[in-house]
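Visitor: The structure follows.
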Ligand SMILES: [Zn+2]
C-alpha cells in the first residue's frame, strides 16, 4: 500500500467542496458581495447545514474521538477563538449560533478544512507533520477566518446556486457513492460533486483575507507569527518533493509566491529558518502518526524502531517521538509487554518538561489499562474542571478497579462534565458505562440517548429513550427512579420534535 493512500473516506469530497483547487480558475470576485458579510444565508441556516454534514462525519469510521489529540487541537482552537472574539472578527451572534467544534479524521492527508456552521475538520496527517503549536495555529487561524468572515455562506449564496439543503443532499450522495463498490454510480455522483466543487471554491481574495485575518488572530492569541511562514515553507518544500496529492492542503490552498512574500513581509524575515520540533508536539505528532495507520506491517516497523542502529545517536526529541509511536503501535498490535517497555522508557526523555511528562503518564495509563492494571489511570484527578484525557482515564481506572464509592463518584463527576458540555458524546458514552457499573440502568440508557443526540442521530436517541421507558414500565428498581423517569419523558418529547424537524428537511 502506498504511503499516502487514498482511502474511501467521504471526507475528501467535503474538503474539496469548501477549498479551492490549484488547477481551477478562481471565482470571479466581481460577483461577490463585499468581504465580511455572509449575505444571503443566515447563521442559523448555515448551522443547520453544518449539523447535517457533521451528523454524517460522526458516523464515518474515519471519525476519531481521541481525548489526547482532541484536547491538544481544541486548546489551540479555543485560544484562537478567544483572540478572534477580542478582535471583533468572531461576533457574539456567531459565537452563540455556530458549533465551534473540531472534528478529527483518521486520515494521513495533510489537511484541515472549514465546514458550514462553525465545524472544523482536521486530519491526523496535518497534526503529524507540523512542528509545534505555532504552525498548527497558523493553519487553524486561517480556517477559523474563513468561518468568521462568512466565506462559506457567501459561496453558497451566489446567484444560481443550489439551495443549502440541495448542497447537503449532494454532499451526502457523493459520500454514499464514495463508499459504494459500484464504480459507475460513484462516477456519476462524482460528476455532480465536481460541478459542486466548482461552485464552492474560495476565491483568491477570500484566501488573502483568511491569511491576513488568520495571521492577526494567531499572533494576538500569543503564537509566534513565524509559524505561518515556516508552515508555508514546509508545504512548499513538500510540494517540490512530492506532487502526487500527498499534500492536499496545497491543492486547496495554493501557495503562490505572493502569499509567501506577503507573510514574509509581515514577519520582516530575510530567510526562513525551519521551526524546531518541541518535545510536547513530538509526542502529539507521534500519536497522530500511530493512530492514522491501521497497517500491521507499518505498526511492526514502528515497534522495532527504538531497537534500530541509529536510534541512540538521534536528538532526544526524535527519540521521544519514536518511543511514543512504538508504544502506541505495540498497544494496537496487543503486544502489551512491548508497549509498556517503550512507554516506560519514554519517561527518561521527558524529564523536566511538564507538558511532555503529562503525555507520557497518560500513555502509560492507557497501556496499563489495556493490560488490566488500572492504578496509573485511577490515580488521575477525578475532576470536571481538569483536562478531558485525565478525566476519562480517571473514570476508566476507577471503573476497572470497581468499588461502589469510586464508581458513583465517577458517574457524578461525568454528570457535572456533560452538564457543562452537553455536546460531548464521548463523555455521555463513558457516563453510560459508569451508571451501568453503579447499577443504574435507567440513567445509563438516558446517557446513551444523549450521546446520540449530541451526534444528531435523533432516531437512535429515540430508540434508547423508548428502551428506558420500557424499563420503567416493567417496574423493578428502575421503576423507582421517578426523577430520572420524568427527565426521560421530557427529553424524549423534545428529541421527538427534533426528529420530525430533521425528517421534514429531507
Ligand atoms: Zn483557505
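Visitor: For a protection proxy built on the mean count of beta-carbon atoms within 10 angstrom, sort 445-453, 46-54 highest first, please.
Guide: 445-453, 46-54
Visitor: Need the C-alpha centroid separation for the stretch 408-471 versus the stretch 321-385, integer Å.
Guide: Measuring centre to centre over Cα atoms gives 28 Å.
Visitor: How much length is gained if the chain between residue 497 and residue 400 is pulled fully straight, taking 0.36 nm per residue apart and subtracting their Cα-Cα distance, in nm to one decimal?
Guide: This chain segment gains 31.1 nm when fully extended.
Visitor: Give me the percent relative contact order of the stretch 420-506, please, defined on Cα pairs under 8 angstrom at least 6 residues apart.
Guide: Once normalised by length, the contact order is 25 percent.
Visitor: Per 0.36 nm of contour for each residue apart, how much would the distance between residue 97 and residue 470 grow if the chain were fully extended, relative to their Cα-Cα spacing?
Guide: 130.7 nm is the gain from fully extending residue 97 to residue 470.
Visitor: While we're on this one: Between residue 486 and residue 504, what length comes free when the chain is fully extended (0.36 nm per residue of separation minus the Cα-Cα distance, one decimal in nm)?
Guide: Once the chain is fully extended between residue 486 and residue 504, it gains 3.7 nm.
Visitor: Please arrange 497, 115, 43 by how many other C-beta atoms lie within 10 Å of their C-beta, fewest to most.
Guide: Ascending Cβ contact count within 10 Å gives the list 497, 43, 115.
Visitor: Cα gyration tensor of the stretch 289-384, axes a ≥ b ≥ c as square roots of the eigenvalues: rounded (a/c below 1.5), prolate (a/b > b/c) or oblate?
Guide: oblate
Visitor: At a Förster distance of 56 Å, what's the computed FRET efficiency of residue 463 paired with residue 265, Cβ-Cβ distance as r, to 0.05?
Guide: 0.45
Visitor: Sorted from fewest to most neighbouring beta carbons within 10 Å, what does the list 417, 342, 100 look like?
Guide: 100, 417, 342
Visitor: What order do you get for 155, 333 when you list them from fewest to most C-beta neighbours inside 10 Å?
Guide: 333, 155
Visitor: Cα gyration tensor of the stretch 79-142, axes a ≥ b ≥ c as square roots of the eigenvalues: rounded (a/c below 1.5), prolate (a/b > b/c) or oblate?
Guide: oblate
Every number here is computed from the coordinates shown, using simple stated rules; none is lab data. Just so it is clear, the model here is predicted, and its values are computed rather than measured. In this analysis, Cβ positions are derived from the backbone assuming ideal geometry, glycine residues included, and neighbour counts consider all displayed protein chains.
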